[in-house]
Structures are given as structure tokens and as C-alpha cells.
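Asks: Sharing a structure, written as C-alpha cells. Questions coming.
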């Protein structure tokens, strides 16, 4: 055969050299993830500025090791210089629409690391259920979880996730979405949600958090005090999306408040009123804030270091939003074209891959404000029975778009590499689904 | 190493990706659909009613408030007096053990309890007696299209009685009984007094699995047979080979899988095949294999030289091949021998011969084929050549006393079919019209067109499968009788063992109920309630 490999002396060690100390810290938005990998006769060296870069390099190294037909492990002489294009490369999991057992979260963190994702955006509570066991407000999960004994994340679970993630260079950013998306908070926190009215009388149904009572802000301050301590990352995601104003409008006390405060009929101003106070509370706790785009769209007064999360997808309108957000001087995260929960027939990973986050009109300074993006796996139709195949390898398309150079766009080449990577995932025990027809040497054994 | 299929495959995949354009008011995750008044799962328990988790819904159900208790350590599934089946009926013995396990499997107290039964209001149900009424119960036979699946279930103290003409009905009844047994808040097993009279609306209720686009390990196939039994499906349409790979290990032609399978371990040996057939049989499921020709046969050419048509380009032979070559005698010699094997390996009365999507361009390019067309007087109508080929295959298969199923093109292209050929309607465009045509011509039909479950989309698409009414086509009463059922198809382009089970279930359950239950069972809210319970039970 042509190109007979010339076997050199077997390599016995990969030397890992990290220049900046710090094994016990947490990764952050500013962490340097660059590394250099050099494989040559007689030596294999991985050097990185930080341990986080070393992790990325180890993953790459593991992808370079091949096995021939005789079963011999080998590696080609290689020189790699690598660093991420964007510093924030995230994955959102939703543990409210369906509870995800701890194991499923930990396995997802493993696969995120294989893909060099570095942020786990934990959309931990929402309308349907409240699985987060709060030490300050234990009733929240006791009354709000699907099953308070089984479908909850204990403090120890949360610690496990955070540490498991840290060991893989993954930040955990918790999202406690308010004032909307909070129905499950109601049972455990009476008086928190707005009672909706049908005419003169309460209808028995509740709406978003009640923004006009002081008790709300006391509650929120206490809860976020706890959350700030539990989650070590500098950033918290505060949500702020899809606030339905109908309930507020129906409530006479709120209407009175609107008049009293001179807000007229503009309930966006009431939403702003709440969110501004929330942002102040969280800032005073020493945390940075990420919010969904509505908070920006609705003219809430934001601190300049707030990060705006762009999610609305309508015929590529998201690129306009990215332009607007960055023009106003805020940092932006992109998710709109990467809603992996929106499945469709065929190779939809290609659309995700072709996204170009910076394809909007703006100055280089503006574009520098785009710090990355997140693939989202909302949970309406997803639980542990279908999470992994639905997430991988499609999520890999987003991973490459966020890590690799802008010029890496060839779909045919990506297909070849991603299909191969999918087989690698299978070999690592990940139930990743196929991209198209074909086979892997090691097929999944079957559920 | 994984085999990427290259640019051609890539483009094929690209072509079918629809653009996802959504409205401005897209909520996080949820599509802007109709207001869903579905009860959230966690509110169901309070007003739970025994029928709340029956799936598919039996034809006639009456339940009473009086509940009976079952003690796992004492309750038994037994043969009743007067049954034509007894302990030597392996099929029922196996079913008894299986259903006991489904009902009480997760219960810890299955051995004799130390404490006597505390005084309870509910009387105890000691047994379910199964009585098979026909002289020949069918224990050692294979199910077929005309098997009786009807059953009558009476649940009352002290014993419940399940009567069925044949064992197939008993299997259906056992499944239903297991769906009636529920646990109360204290973990006690209860069942309401009830009476059920049930039979399927359609006799052919199938699932198509494709093991060529991706190999499916045995375990995956067997798990899905279990799931099919939970849903009273009774046909596994095994689309076993196709263009991409030939995993079927043939005894007469071992080269077919040696050269045509994805790799040497990704095959189905004769033992594997026997296992699937028997596993299915024990669940009352027929296995209809499909060996699709003359198109969809690329993988056959790897192990069988001179089977496929060599394609020409400007009079010169190319390296590529097209459909099976219909003009050579050797083709029919091969098929005669091959189908002899298939006829003996697969016990079902029917074999599916495919016949879909034949691309004529290769035939048109081949000089021998063109010559043959002239000699036969087919002109330039290659559909006639296709029919010529198909008719020969039909004759071959008939000679082995097997019935044939074909895809609709075979009928559409006017091949001369045997009177009992079953035509499978799969093209989505105006399938009602096709059903009319097929049945008007006097052929039996099986419907798949609206039930291509490989076509995934965001949201609760089970509803659209559930809402299909198969008999909604123009035709007489006699015509409508010719629609014998349908099949949910899970083509394998994007499916393998990693995602098959969650993709197929519970969406296929919607099809299961449409094919079993009465035509007036159409309420989506009630279906949602029962289906979510059924899904949890399947877990």
C-alpha cells in the first residue's frame, strides 16, 4: 500500500505544561483556553497558559489518537495552535418542563467537554415545576416540584453538578427566570404571584410575580442571596422573557399602582420597574447579570455590563437584534438560530452550522461585543428518554461554529468530520444519533 | 471508521431540510399553536378513572366502582376450565409469566407474606382464568391475517375470566387486563370490576422497521416488538435490505451479506432471524420480510455479480449499476433460488416484494435493455418493463405458495397482480384517491401514506397521526372492506438504535389506536390523557 506509515519509537508520555497556576479556581468568561500541541518523534508536548487550555488540548489530543486494523494505537506528527473564537460557548438545559436526573446532566457535561462547550446554562425552574431545593425557602420545591421526594435537585446535587462541570472547564450559570415563567413558585410562596382578576373578583388563576408589593422584593433579595452563594460563577441569568401583561392588567391594585406611579397604560414600564430593582439587588450581591432580549427591547435601564441574550428567531431578524444590542454598547449572546429543541426532518445540523454570528452591519468594536452563543434544548418535548440523541451530534455544529475560525464553513468537510466524531461519541458511550445513512465500527447496543 | 456517504448523500439530506420560519411571537420552545387545555400531568391522580390508561381503547368497556385487590404473592394467571389450551401451550405459559412481571415486577413483596391480609374493604381477586374456545387454539402456529384477535374479559370476584377464540385474542386480552390493574396510594394492587368486549377494527396493524439505512441490533428490534405488543400491533414489516446495506445472511447466497453488509458483524444470521420471528410470534406479531426489487438494490450487486443493470454513458459502460437487470435469464434463476430460501425462512403467508421508486434512467442507457424493449414491443414505456419484471417475480413467489405485498407503484404501473396481492399505499399526495383506485380494482390495500413517522417535526405531531380516518376515501362498502389496515413506517435514513425507541414511541401508539379502536374514538383530549398514562407505563 502506498503511504505506509513509518512507525517510530512508541511514544510513552504526553507532557502537559501549564504556565499560570490555579487548579482550584473556577473558569470564568475571561479564562484563557488557548493551547499548543506538538507531537514529534521523541516528544509530545501540550502547553497552555491555564489549566482550562490544558483541558481543551487534552480533548484534541484524544481525538488525534487513532487505531489501525491491527489494533495498534498511533498518532501522526502534529503541530496545533488553538484557541476559541468566542469565549462564551454554552448549552441550555431545561429541568423544569421535565425533570432530568442528575446522571443525565453529568453525562451531558461530559459530552459538552468533548465538544469544547464551556458554559452550562441551567434553566432550572419555570412554570411547570420547581425542582431546585432552596434552603431559605424549602416550600418552593416541596410544593412546586413534580414530586418533592424524587424530582428535585438537592444542595448536594447542585454542588455535584458545579464541581463536575468545573473539572471540565465548564461554568455553571443558573437561570431563575422572573417575573414571568414563575407559576411553579406560587404554591410555595403565597403572595408572590399576581392574582388575576375576572372583573371584580380574583379568578383563582395567577400570573407573573407581583411587582408592586414590598414582600416581593424581600423574597427576591433573600432567594438571590442564597443563589449567589450556591452558584460560584460571576454571572446569573435573570430571565425576563415573555412576560404576559394580561394578568397585571386585570388586577385592580396593579392598575391603581400604574396610575399612582404615572406609568399610564404602558405595562412595559411596570416590567422595567420590577427588573431594574431585581438587577440592582443582584448587582449588590456582587453578581453580573444576563437577561433575555425582551429586557433590552422593552427599554429597561440596564447597567452597561449586562449581557443580552438574543433568542427570538423570525426570518433572520436576530441579526438585526444583535446589531441593535451591540450598537447600544451591550455584550450579546446568540441563541436564536440554535434552538435544538425545534426538530425537523433531515440534516438540520447544517442550518445550525451555517449561522454566522457576526453577519450584521456594525463596527469591529461592536462585533467584539458578541461574546458567543448558546445552543438551547428546551424541555417541552424532551426528557431523559430522548435528550442525548436529540442533543448530539447536532449540538456539535454549534460547538464548532463558536470555537473554530470564521472561515471554517465547508459543509462537506464538516459532515465528514462530524460523522466520524459521532462514531467517536458512540465509542465513548454516548447515545448520539446518526447524521445520515451509514454505520460506525462500534454500534450502539440498543435500548 | 464511520462511512460518510459523500456529497451525494449530503445533498439528498439537504434537499429535505425545510426552512424553519416561525412567527415573531415565538414562545420559548413552544410553538404558537392552538390553546392547549391539556391537564398538566400532575393533576391527573385525583379524578383518575380506570379507563384512564387503556390504550388502544377497547371496542366496548364497562367498569364499575367496586374494586378488587390483587396480592402479588397469591394472584395467578391460569388456564380456565374448558379451555382448549393448557399447560402445554408454550405461548400462553410465556405470556402468563410476562404479564405477571409487567403487573407486579417492580413490587418487592412477591413471595408469601408473613403478615396475614389485613381486613380490607376490597375483596381479593385470586386469578385471571384464560379460556380458549376454538378447537385449535393456535399455540404452535404463527398468526396470520385472518387470525381471531377478539376477546371478552370479565373482572369480578373471585376470579376474572378472559375468553378468546384463539390464543391471539388471549394475548390482546392479557395486555388490556394488565392496563386495568393499578396501584393505590398505599401501593396496593387494585382492579375495578369490569367487562370488556374487544376486537380490532383492522386486521393488519403494522410497524415498518428499516435495517438497511442503519443496522439495528437485535436487542433494539426485540424491544420494539415488546412495545408493539403493548400497543396491539400485529405486523412487523421488516424492510431488511436496501441500497445502502444487505445485512440478511443468506444461506444460498452468503456473498450477498459478506460483500453487501456494512461490516461483517452488522448482519442478521439465520439464528437472529429465527429469534425475531419466534419473539414476534409469542406476542401475536407476524413478521413480513421485504426484499425490495428491482430498485433499491445497490447493495445486492456487491455480492451478486451480473444481477444489477450496468449503466452506460454515451454508449460506453460506466462503473455504476442501476436496478436489477430484467432482461437476463440469470436474474430470474437467481430470484427463483433466492425466494425459495426466503419462503422457507419466513413462515408468514406473505412476502413484501417492494417495487417502489424504480429509476428508469439506467435501463434506458443500456443497449441490451433497449434491444429487449424493442423485441417485447414495449416501445419507450419502461413502466412496462418494470411490470414485466414484477410479474415474473410475482409468479416465482406464488409458486412457493406465498402471498405478495407490493408498494403502490407496482399497481400504478399496471403490472398484472395476483388477485390477493396487497397494495401498500405510501405516497402522501392524494392517498385517498389512490385507495379508491386500488380498492375499486379489487385489490386489498394497506395504508401508510399519512403515517411516515420518520418525518419528525416540532410539537405534538401524534395528533395528526391520530386524526387520520383511513376509510375517508370515495368508494363503496365493498371497496372499503378491502382496506385491511395500515402501517406506521420508520424509515432509517436518520434513525438507528440511538434514537429509534423515543422516535417511534409513543407516536406510533396514535396509529395503533386508529387501527384497533372504533372509528368514533377521536377525542384528542381524552386520547392525550390515556396516552400520557400509557407512555409512563411503557417506561
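Asks: If a residue counts only when it is under 13 Å from the mean Cα position of the chain (by Cα), which strands (runs of 3 or more DSSP E) contained entirely in region B:218-328 have at least 3 such residues?
Replies: Working: elements: B:235-239, B:286-293, B:308-313, B:316-324.
Fully inside region B:218-328 and qualifying: B:235-239, B:286-293.
Asks: Is it the case that residue B:435 is surrounded by 15 or more Cβ atoms within 10 Å (Cβ to Cβ), away from chain A (no Cβ under 14 Å) and either on the phi > 0 side of the Ramachandran plot or touching a helix residue (DSSP H, G or I) at 6+ places or on another chain (Cβ under 9 Å) (or both)?
Replies: Numbers: surrounded by 15 or more Cβ atoms within 10 Å (Cβ to Cβ): yes; away from chain A (no Cβ under 14 Å): yes; either on the phi > 0 side of the Ramachandran plot or touching a helix residue (DSSP H, G or I) at 6+ places or on another chain (Cβ under 9 Å) (or both): yes.
Yes, satisfied.
Asks: If you don't mind, there's one more thing I want to ask. Here is a list of conditions, (1) at positive phi; (2) surrounded by fewer than 17 Cβ atoms within 10 Å (Cβ to Cβ), and residue A:372 meets all of them except one; can you say which number that is?
Replies: Of (1) at positive phi; (2) surrounded by fewer than 17 Cβ atoms within 10 Å (Cβ to Cβ), only one is false for residue A:372: (2).
Asks: Further question on the same structure: Return the residue satisfying two criteria in turn: it lies in region A:404-414 and is assigned to a helix (DSSP H, G or I) and more than 24 Å from the chain's Cα centre (by Cα), and of such residues it is farthest from the other protein chains (Cβ to nearest Cβ). Before you say what the answer is, go through the steps one by one.
Replies: So in region A:404-414, the residues assigned to a helix (DSSP H, G or I) come out as A:411-414.
Among the residues that remain, those that are also more than 24 Å from the chain's Cα centre (by Cα) are: A:411-413.
Numbers: A:411: 7, A:412: 6, A:413: 10 Å.
Out of the qualifying residues, it is A:413.
Asks: Hey, another quick one. Could you identify the single residue in B:58, B:39 that is under 28 Å from residue B:139 (Cβ atoms) and either at pLDDT 95 or above or in a loop (DSSP other than H, G, I, E, B) (or both)?
Replies: Working: B:39 fails: under 28 Å from residue B:139 (Cβ atoms).
Step by step, each of B:58, B:39 is checked, and only B:58 is under 28 Å from residue B:139 (Cβ atoms) and either at pLDDT 95 or above or in a loop (DSSP other than H, G, I, E, B) (or both).
Asks: Here's a follow-up. Taking the options A:356, A:351, name whichever one is in contact (Cβ under 8 Å) with a residue 40 or more places away in the chain and either at the interface with chain B (Cβ under 9 Å from one of its Cβ atoms) or surrounded by fewer than 22 Cβ atoms within 10 Å (Cβ to Cβ) (or both). Break it down into steps so the answer makes sense when it comes.
Replies: Numbers: A:351 fails: in contact (Cβ under 8 Å) with a residue 40 or more places away in the chain.
Checking each option against the conditions leaves just A:356.
Asks: In the list A:117, A:130, which residue meets the criterion of being farther than 21 Å from residue A:234 by Cβ and buried (at least 24 other Cβ atoms within 10 Å of the Cβ)?
Replies: Numbers: A:117 fails: farther than 21 Å from residue A:234 by Cβ.
It is A:130.
Asks: Shifting gears a bit: Quick one: count up the residues across region A:46-82 that are more than 24 Å from residue A:21 (Cα to Cα) and not in a loop (DSSP other than H, G, I, E, B).
Replies: Kept after step one, since they are more than 24 Å from residue A:21 (Cα to Cα), are these residues of region A:46-82: A:63-79.
If we keep only those that are not in a loop (DSSP other than H, G, I, E, B) too, we end up with A:63-64, A:66-67, A:73-74, A:78-79.
Residues flagged as more than 24 Å from residue A:21 (Cα to Cα) and not in a loop (DSSP other than H, G, I, E, B) within region A:46-82 amount to 8.
Asks: Inside region A:421-431, can you point out the residues that are free of Cβ contacts under 8 Å to residues at least 60 places away in the same chain and surrounded by 18 or more Cβ atoms within 10 Å (Cβ to Cβ)?
Replies: Within region A:421-431, the subset free of Cβ contacts under 8 Å to residues at least 60 places away in the same chain is A:422-423, A:426-427, A:429, A:431.
Result: A:422, A:423, A:426, A:431.
Asks: Go through the residues of region B:505-516 one by one and say whether even a single one is touching a helix residue (DSSP H, G or I) at 6+ places or on another chain (Cβ under 8 Å) and either at the interface with chain A (Cβ under 10 Å from one of its Cβ atoms) or assigned to a loop (DSSP other than H, G, I, E, B) (or both).
Replies: The answer is yes; a qualifying residue exists.
Asks: Condition check: assigned by the TED database to the domain that holds residue B:80 and buried (at least 24 other Cβ atoms within 10 Å of the Cβ). Does residue B:164 satisfy that? Spell out how you get there, then give the answer.
Replies: Working: assigned by the TED database to the domain that holds residue B:80: yes; buried (at least 24 other Cβ atoms within 10 Å of the Cβ): yes.
When the stated conditions are applied, residue B:164 passes them.
Asks: Further, regarding this structure: Considering region A:1-34 alone, what residues qualify as being at pLDDT below 90 and surrounded by 10 or more Cβ atoms within 10 Å (Cβ to Cβ)?
Replies: Kept after step one, since they are at pLDDT below 90, are these residues of region A:1-34: A:1-12, A:21-22.
Selection gives A:5, A:8, A:11, A:22.
The values are calculated or read from the model by the stated rules, or taken from the named source; none is laboratory data. Small disclaimer: the values here were computed from a predicted structure and weren't measured. Heads up, the Cβs are rebuilt from the backbone with ideal geometry, glycines too, and the neighbour counts pull from every protein chain shown.
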